[in-house]
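The values are calculated or read from the model by the stated rules, or taken from the named source; none is laboratory data. Computed from a prediction, not measured in an experiment: that's the story for all the values here. Here the Cβ positions follow ideal geometry from the backbone for every residue, glycine too, while neighbour counts run over all protein chains shown.
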Amino acid sequence: MTKRAAFVIGATGGLGEACAHALARDWRGIALAYRSNADKAVEIAAGLPVDCEGWPVHCDLLDASSVEKAIASADDHFGEIGTVVFASGVAIPQPFVSKISEAQWREVIETELIGLTRTVSATLPIFRKQGFGNFVIVVSVANYAYPPGDALSSVPKAAMESLGRAIAKEEGRFGIRANMVAPGIIDSGLGASFLKELYTPEIWESQRKRIALQRFGDGTDIAETVAFLASDRSAYITGQTIIVDGGFSL
């Protein structure tokens, strides 16, 4: 087990929680960042293995000072941060481009893209001082196999992916890595809500048949990839996007 701590943004969401449990095998502590659901963060912390400390911390991506305070306090609490996992997202109704309002664009871009830039700005000085650290950013398979109605989600995530590559290229000399994970259709978190509420069972069945492995993914499928990229097992991988979609994009 590494002697460092992980910082998970969006820890109380379906994917974030799965990531926390997967990371707990490798890290001595995990800062569980939440915006409003403190009780859920406490519950997740209590469910981690006894040799991994779960530490809930408030972090509002819409407030730069909140992000800075959360990351600084986690660094102070654990002594160092080895990885930051960005797994936060906005609940999106999947409208077509012609139906997306400016307010909707602003909400997603402000929370996800600008939220990520705030996270990066607050974390890079810590990583540079340490001489190591990595980012794992959850993006979307839609930038490789675009499904109609996914622009509101995929456009900001394309920018997040580009930011990840920029970090990898510019910060590698400081021992800093950045990689992305692009989930396909996942029956967890927001994806689980889509499967229940969006479109008909017949449409989802046709989508399932498009997947090479003939099943939708779950949170563990994504979390295991995140944990690998966050760990020293991927020490020579940076600036890459791993598509975890069961072959949906083939």
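Can you pull out the residues in the stretch 218-245 that are outside any helix (DSSP H, G or I) and surrounded by fewer than 21 Cβ atoms within 10 Å (Cβ to Cβ)? Once the filter is applied, which keeps residues that are outside any helix (DSSP H, G or I) and surrounded by fewer than 21 Cβ atoms within 10 Å (Cβ to Cβ), the stretch 218-245 yields 218, 231, 235, 236, 237, 238, 239, 240, 241, 242, 244. Within the stretch 85-111, the set of residues being over 10 Å from residue 152 (Cβ atoms) and within 13 Å of the chain's Cα centre (by Cα) comprises 85, 86, 87, 88, 89, 111.
Inclusion of residue 79 among residues that are more than 27 Å from residue 114 (Cα to Cα) and of a type in the set (Gly, Ala, Ser) is not warranted.
Scanning the stretch 6-47 for residues that are in a helix (DSSP H, G or I) and under 16 Å from residue 115 (Cβ atoms) turns up 15, 16. For the stretch 63-77, the condition holds for no residue, the condition being that it is part of a strand (DSSP E or B), in contact with an Asp or Glu (Cβ under 8 Å, 6 or more places away or on another chain) and surrounded by 15 or more Cβ atoms within 10 Å (Cβ to Cβ). Can you spot a residue in the stretch 48-61 that is within 17 Å of residue 122 (Cα to Cα), part of a strand (DSSP E or B) and not charged (D, E, K, R)? Within the stretch 48-61, one or more residues are within 17 Å of residue 122 (Cα to Cα), part of a strand (DSSP E or B) and not charged (D, E, K, R). Counting residues in the stretch 92-106 that are within 20 Å of residue 219 (Cα to Cα) and modelled with pLDDT under 95 gives one or more. Here residue 24 fulfils each of the conditions (1) buried (at least 19 other Cβ atoms within 10 Å of the Cβ); (2) within 14 Å of residue 70 (Cβ to Cβ) apart from (2).
Residue count for the stretch 196-214 under the criterion of being more than 15 Å from residue 141 (Cβ to Cβ) and either crowded, with 18+ Cβ neighbours inside 10 Å or modelled with pLDDT of 85 or more (or both): the result is 1.
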